[in-house]
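The values are calculated or read from the model by the stated rules, or taken from the named source; none is laboratory data. Bear in mind the structure is a predicted one, so any value in this text is a computation, not a measurement. Note that each Cβ is placed from the backbone with ideal geometry, even for glycine, and that neighbours are counted across all protein chains shown. Heavy atoms of the whole protein, side chains included, go into the accessibility calculation; ligands, DNA and RNA do not. Shrake-Rupley method; radii C 1.70, N 1.55, O 1.52, S 1.80 Å.
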There are 2 protein chains.
Amino acid sequence: MALHKARASVGLDVDAAPDLQAALLNAANLNYDFVVTNLVHPRYRQEFIEGKAKHRSCPFTRADLILSSQDWSSIVVGKLSNYINVDSICPSTRENYEQQLLQELAYASHLGIPAILLPLKGPKQTNLARTIYSKLTGSQSTEARYSVWMQVPMKSPKAISNCYRDTGNGENHEDEEEKAWENETWHWWNYFRQVADFNKKIGIALEISEDLPSHAAISRWLGEPIKAFLVPTYLFLTNKKGYPVLSKPHQQLVKNLFRIKAQGIITGSLRHTSMKHYQEYMEFLFKQSISHDPLKKFGQGYEDYLQYPLQPLMDNLESNTYEIFEKDPVKYREYQNAIRRALQDKSKEEKYDGKTLVVTVVGAGRGPLVRASLNAAAEAEVDIKVYAVEKNPNAVITLQLQEEEIWGDKVTVVSCDMREWNPTELTDILVSELLGSFGDNELSPECLDGAQRFLKPDGISIPCDYTSFLAPIHSPKLYNEVRSCREVDKPPHTPFEMPFVVQLHNKMDLASAQPLFKFEHPNLSTNIDNSRYKILQFQVESDATLHGLAGYFECTLYKDVMLSINPATHSEGMFSWFPILFPIKIPIQVHSGDVIEIHFWRKISRTHVWYEWCVASPSIVAVHNPNGRSYSIGL
Amino acid sequence: MALHKARASVGLDVDAAPDLQAALLNAANLNYDFVVTNLVHPRYRQEFIEGKAKHRSCPFTRADLILSSQDWSSIVVGKLSNYINVDSICPSTRENYEQQLLQELAYASHLGIPAILLPLKGPKQTNLARTIYSKLTGSQSTEARYSVWMQVPMKSPKAISNCYRDTGNGENHEDEEEKAWENETWHWWNYFRQVADFNKKIGIALEISEDLPSHAAISRWLGEPIKAFLVPTYLFLTNKKGYPVLSKPHQQLVKNLFRIKAQGIITGSLRHTSMKHYQEYMEFLFKQSISHDPLKKFGQGYEDYLQYPLQPLMDNLESNTYEIFEKDPVKYREYQNAIRRALQDKSKEEKYDGKTLVVTVVGAGRGPLVRASLNAAAEAEVDIKVYAVEKNPNAVITLQLQEEEIWGDKVTVVSCDMREWNPTELTDILVSELLGSFGDNELSPECLDGAQRFLKPDGISIPCDYTSFLAPIHSPKLYNEVRSCREVDKPPHTPFEMPFVVQLHNKMDLASAQPLFKFEHPNLSTNIDNSRYKILQFQVESDATLHGLAGYFECTLYKDVMLSINPATHSEGMFSWFPILFPIKIPIQVHSGDVIEIHFWRKISRTHVWYEWCVASPSIVAVHNPNGRSYSIGL
């Protein structure tokens, strides 16, 4: 069950195989990675339904000596008896099932298997959730080590039987029922995992249905912690050559499931020439699931991995950080376009008399914007003089080397904080790349307000404006990632009150991103105030959970030359920025039609800038990060 | 502003008194404890409404040298300007008001006043809540030290104007509107404090209205952290002697407010012969508010004070703990009644031949039940022999002393754990007092199951059964008390996953208590199982917040001789048990008509017993105390 490898992980459900050793060998020969098998033989069921159970040593079919502990712990997923019902309304039945469940769980621990599979068969399985949850918490020594895969059908049995019903009684009504059924099993899961406090060892084994639900319902599943998915053999069609294949929509779904690192499980009896072909087909879909989008490729391995945002004003970047970002194929091309257009416009002005234009690059780093400026000047056929202002002494060395060896007189390197530099001449164009994932979050507004004093009255700032964007998201995965950032010596709210830069992946968007704070440069107002406060409202389309806010930005470099990481307008192929995530302390249940209201503040003190946020609707979550107590950006 | 004293704390609102020193002296002469006064003179308002504010040094009327810092910090409550509206939809107005608010707050900090008073004038004051909250959090050094009293009207201005309207258009409609208005200002407050994360420095200064709302609405206010209440002089009637008095319902309200330790504030102009009389009248109501109920008297000073439940099986009680509980005027009288009735019944049995009956007291402590047994036998004119079994060696000394000096042959003291003692003869009546506030929570079931082996087949256990009870409650006060029990070296959930014994006081009941787990003795089933699981549903009558579950018990000593701390059936005058509180990790908003569904478990391992609980409706809060990770009772 290796999770990170370049091929699919596919298991075979061998049910209650009479000879487990042989079944394992067979599965390995067929190229499967693991098997799924019952821990208890189904014939022992009777005992448990008829009153108090008696003999407890016999029902386990799998004496632990059959396999080596290495095998048990790496290639066997244990199925729990599927008739167990610890939420029965009959107390004695419930107690008997509870005993059996505890016994099977103890046996799974004893065997050391990596995961157990058990079915979630209805709504409000409170006692089941409690029992599983209690096994996964407690002290290090007593805590169960297996993962729990809850087998959840994509459609409830009711919805499936409905497919074969006469549809005479009105389309609309049918649609609504359909929707309710699409929601139904997700609600089973959503209830279960809430009772179990979103425990990260509990994931989903999604049972893929013959009829697939709507796009929205599938998106929601893809926002869940799906660890495995079950593909019954009856879902496979037969192609012209006699091999098993899936329908197009099923193919798409499987590829998306592979992308969120779920493992496949083939269940059911053979309906084609060999079980081997199902595995081969899954492998084929896995290969197709690998993305060739440069942005996705760049983000590979970083999916849902939380990073603390850079504080370039406080910290100096390292050389390889510069190197990575300089490789962006889109960003500097667009900067060059913007500078060229600005130079062209400047050269068309009446007062322009063919003399040299001054371009100042603030935060020049290792020089990519200096190069972009020089290239742009060549394209525009305009003479320019470039000042490259950089505060990081390590980067200045690289700049000076290029000044001496390549650029010569055209470029003057200034080793200075842009807020302190006193230029000898004013500049026509001020170029900067100070934006963070949330636009202003690396204090571009404050820096450029400080630097604009060396801009001529009619000078141009590139970028000339930028706007942050926010969207509410559902992501138990990210909620758990944030939760696990807790440090013992800090209050429990700390990780929930800071933004993280993260390649958002295993999540669902609850609504499209909306613009939040806009900043323009140069800022000509007499009383510059970069603090902000805005209220955003998002209409929710489906039942889900609000776990956080995804942050993006859009930026106008010059006129219609834009950079964007807002999904709706994302600059194609640009990978310099991952989104930013603002967590929410308490997951909020939202329903289709609800309005999520977010209040967001940008606050400023003499020494720091920080954000605060709160949820005002549909329920209230207190202000996050009051007074910047958990996170702030140093000026 | 001394909070704990035997007289009322009453302040006088002197508004923007031209000479504060004189106003203070005058208030002191009139016997008032503190004054409430504006920090900024109202005439400076204009400046703030017309665009950006300019001169900021002048508007503060109260140069800090007027009073000594001792006076500022003890007898002045500062009113903030009541026209400040930082939630204005107009950004520039909002920003100006925000500046003014910050300035007034800074001035309040500078003066070192103990509390500020500011009006909550409408719904959804998000930005106001954020601003206040951010002043109250942060590092020890920057945190504001004043308390914040939010002035909340009992009825919204709309409701008040409605009183004078023609009531022609249907009673029902009026009723509903009335109810909405009763709710309205509470919702203002409920929103505000949620945004401010239930910060315990933020309390209410309740503006008492002329027409009082319903009983339910008043109860809800009394469940809130009311720090002060405002009594406008126009509320006072004039009695025959010309003195100011309040109507009966207003009197009752004021007394209840004094009981939850709120301080009175007289506002408005003089309408009687002297301001002194209002203070005297408040003093009079305060004296009337002091309860003479023994239970209340016993609980005085313990209101809402959390105590860890006793673990008498693990720990030995101290002598003064025994002493306190032996003073209960009701408990031992009822035990004596029960034992007498049981002895009488035993002596009427056919096989009884006048011989001595055996009574065994398990957990005899310092002997109160031994005395009750001997008294009961005397009343019933039956000969008995008493075995007094006690595991605490310190208590055994006291027992042995009484055996020697008073009881003689009639009593045999056994220094032994009841679970280990092997008696030489079986007993007719087994008497115990092992109940905790939640009935079984001190492991009475396990102890008595162990002790029942020395009971004759037809023997009687006193008590013969007991049942725990649960009721959902609203109490921001208790929520904050639990929250502040957090210990740095334990997870943040720990205090929310353990019960506390507490004299519940500043709270509202959301529904009547319902029976939970019942235990009967002797327990004659072949397979004794003291684990339990039950689902309770409570219908909620008003909009409120669920903060926890109050726990009680009812107990049958023998036949109709009962002990109860369930409020509906509480044994009059019995003070041996305070209720128990099971907290809820996340406060849940509930609405009139909602059903609160609670799942509750009693779980048992080889060494421990513990409870787990979760909320399943109207929203879900994960299982508390899974596997007894935060709290369990040692066997």
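Residues whose amide H comes within less than 5 Å of that of A:THR545, counting only those at least five positions distant or on another chain, are A:VAL590 (H built at 1.01 Å from N in the peptide plane). Taking label positions 7 Å along the Cα-Cβ direction at both B:GLU487 and B:ASP529, the computed distance is 3.5 nm, reported to one decimal.
Each Lys and Arg contributes +1 and each Asp and Glu -1, all at the Cβ; summed about the Cα centre of the stretch A:563-631, the dipole is approximately 400 debye.
When the Cα gyration tensor is reduced to axis lengths a ≥ b ≥ c, the ratio a/c is 1.5 or higher for the protein assembly as shown, and with a/b not above b/c it is classed as oblate.
In this rough spin-label picture, where each label sits 7 Å from Cα along the Cβ direction, the B:GLU541-B:TYR234 distance is 3.2 nm. Each Cα pair under 8 Å and six or more residues apart adds its separation to the average, and for the stretch A:465-634 the resulting relative contact order is 28 percent. A 26 angstrom limit on the alpha carbon distance is what I want to check against. Which of B:LYS155/B:LYS248; B:LYS276/B:LYS297; B:LYS155/B:LYS227; B:LYS201/B:LYS507; A:LYS331/A:LYS385; B:LYS456/B:LYS603 exceed it? Result: B:LYS276/B:LYS297; B:LYS456/B:LYS603 exceed 26 Å.
Relative contact order, whole percent, for chain A stands at 10, derived from Cα pairs under 8 Å and 6 or more residues apart. A Förster radius of 60 Å combined with the Cβ-Cβ distance from A:LYS296 to B:TYR305 puts the calculated FRET efficiency at roughly 0.55.
Here the Karplus relation 6.51 cos²θ - 1.76 cosθ + 1.60, evaluated at θ = phi - 60°, turns the backbone of the stretch B:528-535 into coupling constants of 5, 10, 9, 7, 9, 8, 8, 10 Hz, with x for every Gly and Pro. The calculated FRET efficiency for the pair B:SER74 and B:ALA378, based on their C-beta separation and a Förster distance of 51 Å, comes to about 0.25. Label the stretch B:283-395 by shape, choosing from rounded, prolate and oblate, from the square roots a ≥ b ≥ c of the eigenvalues of the Cα gyration tensor; if a/c is under 1.5 it is rounded, and otherwise prolate applies when a/b is larger than b/c, oblate when it is not. Taking the square roots of the gyration eigenvalues as a ≥ b ≥ c, the stretch B:283-395 is oblate.
The phi-based Karplus calculation (6.51 cos²θ - 1.76 cosθ + 1.60; θ = phi - 60°) puts the 3J(HN,Hα) values of the stretch B:617-633 at 7, x, 10, 9, 10, 3, 3, 8, 6, x, 6, x, 5, 9, 7, 8, 10 Hz, whole numbers, x for Gly and Pro. Volume per residue of the convex hull around the Cα atoms, evaluated for the stretch B:465-634, comes out as 131 Å³.
Distances between copies of B:SER274, taken at a point 7 Å out from Cα along the Cα→Cβ vector and listed shortest first: 10.9 nm. Averaged over its residues, the protein assembly as shown has an accessible area of 42 Å² per residue, based on protein heavy atoms and a 1.4 Å probe. Less than 5 angstrom separates the built amide H of A:ASP417 from none of the residues sequence-distant by 5 or more or on a different chain. Less than 5 angstrom separates the built amide H of B:ILE633 from those of B:VAL609, B:TRP610, all sequence-distant by 5 or more or on a different chain.
Residue by residue through A:124-130, how many Cβ atoms from other chains fall within 10 Å of the Cβ on average? Before the final figure, lay out the partial values.
Numbers: counts 6, 0, 9, 4, 0, 7, 11.
Partner-chain Cβ atoms within 10 Å, mean over residues of A:124-130: 5.
Counting only protein heavy atoms, what percent of the accessible surface of the protein assembly as shown is carbon or sulfur at a 1.4 Å probe? Intermediate values should be presented prior to the final figure.
Values: 27110 of 53050 Å².
On the protein assembly as shown, the fraction of accessible area on carbon and sulfur atoms equals 51 percent.
Between A:ILE406 and B:ASP211, the simple spin-label model (points 7 angstrom out along Cα→Cβ) gives 8.1 nm. Scanning chain A for the Cβ atom closest to the axis that brings A onto B yields residue and whole-Å distance A:PRO492, 2. Within 10 Å of the Cβ of each residue in A:488-501, the mean number of Cβ atoms contributed by other protein chains is 1.
Ranked from shortest, the separations from the 7 Å Cα-to-Cβ label point of A:GLY112 to its equivalents in the other copies are 6.7 nm.
Given charges of +1 on the Cβ of Lys and Arg and -1 on the Cβ of Asp and Glu, with all other atoms neutral, how large is the dipole of the protein assembly as shown about its Cα centre, in debye to the nearest 20? Please report the intermediate quantities before stating the final value.
Working: 132 positive and 152 negative charges, 106 e Å.
Dipole of the protein assembly as shown, to the nearest 20 debye: 520 debye.
Annotation for the A:B interface, with buried accessible surface near 3300 Å², both sides summed [1.4 Å probe; non-protein components not counted]. Ranked from shortest, the separations from the 7 Å Cα-to-Cβ label point of B:GLN307 to its equivalents in the other copies are 5.6 nm.
With both partners inside the protein assembly as shown, how many of the DSSP beta bridges are antiparallel, as a percent to the nearest 5? Provide the component values of the computation, followed by the final result.
Values: 108 of 216 bridges.
Of those bridges, close to 50 percent are antiparallel.
How shielded is B:624-631 by partner chains, expressed as the average number of their Cβ atoms within 10 Å of its Cβ atoms? List each step's numbers first, then the result.
Numbers: counts 1, 2, 13, 10, 2, 6, 0, 0.
Mean partner shielding for this stretch: 4.
Rounded to the nearest whole Hz, the Karplus-based 3J(HN,Hα) values (6.51 cos²θ - 1.76 cosθ + 1.60, θ = phi - 60°) of the stretch B:373-387 follow the sequence 5, 5, 4, 4, 5, 4, 4, 7, 6, 10, 7, 10, 10, 10, 9, with x at glycine and proline. Relative to the longest principal axis of the Cα atoms of chain A, helix A:20-29 runs at roughly 40 degrees.
Indicate the gyration tensor shape class of the stretch A:466-542 (rounded, prolate or oblate), computed on the Cα atoms with a ≥ b ≥ c the square roots of the eigenvalues: a/c under 1.5 is rounded; otherwise a/b larger than b/c is prolate and the rest oblate.
It comes out oblate by the Cα gyration axes.
For the stretch A:195-251, the set of trypsin sites (Lys or Arg not before Pro) satisfying both a DSSP loop assignment and a count of at most 11 other C-beta atoms within 10 Å is given as A:LYS240, A:LYS241.
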